[in-house]
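First up is the structure itself, then whatever we jot down about it.
What follows draws every value from the coordinates through simple rules; no lab data is involved. The structure displayed is predicted, hence computed values, not measured ones. We place every Cβ from the backbone using ideal geometry, glycine too, and count neighbours over all the protein chains shown.
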Amino acid sequence: MGSRAQASLEYAFVVGLVILMTLPIFIYSRERYNSNVAATAVDDAVKLIIDTADSVAMAGPGTARTVWITLPGGVQSTEVSGRHVSVTFSLAGRETEIHGLSIANLTGTMPSSAGTHPVRVEMQDTVVSISP
């Protein structure tokens, strides 16, 4: 009976050791996944605004569209200036910037809080106005 108890204890020890060794891998994978999801969400938002700005610019003055963008938590700043749209956010403890380039001159602001937001994109004379 003693050897069976010892074998069970050794088996439990090995299983516990394997769990302890794989736990950091799971934690790292989860953090990496969350970072990728956040970066993709910001990239999608910037691309959607740029594509919409290009579309209304080609259609001419008076053309307007409202698009919905989703931003993750950790956005530190957004900027719409010249032909650029950029979003700076915290990714895995580092400051990261994603930007896009439009064919049109842009002006206005974008939301920077986490969540889903409507953004109005409108061609006004020679500039595309972007507003939350």
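List of remarks:
- Candidate set: segment 59-99, residues that are in contact with an Asp or Glu (Cβ under 9 Å, 6 or more places away or on another chain) and buried (at least 20 other Cβ atoms within 10 Å of the Cβ); chosen: the one farthest from ILE130 (Cα to Cα): PHE89
- Residue pairs whose Cβ atoms lie under 7 Å apart, sitting 6 or more positions apart in sequence or on different chains, and linking a residue in segment 101-115 that is free of Cβ contacts under 8 Å to residues at least 60 places away in the same chain and under 13 Å from ILE130 (Cβ atoms) to a partner that is surrounded by 15 or more Cβ atoms within 10 Å (Cβ to Cβ) and among the acidic types (Asp, Glu), are SER102/ASP54; ALA104/ASP54.
Yes/no per residue for (1) assigned to a helix (DSSP H, G or I); (2) touching a Lys or Arg at 6+ places or on another chain (Cβ under 9 Å):
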{"position": "ALA38", "(1), (2)": "yes, no"}
{"position": "ARG65", "(1), (2)": "no, yes"}
{"position": "GLN76", "(1), (2)": "no, no"}
{"position": "GLY82", "(1), (2)": "no, no"}
{"position": "GLY100", "(1), (2)": "no, yes"}
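- VAL56 within 15 Å of GLN124 (Cα to Cα) and either surrounded by 13 or more Cβ atoms within 10 Å (Cβ to Cβ) or touching a His at 6+ places or on another chain (Cβ under 7 Å) (or both): yes
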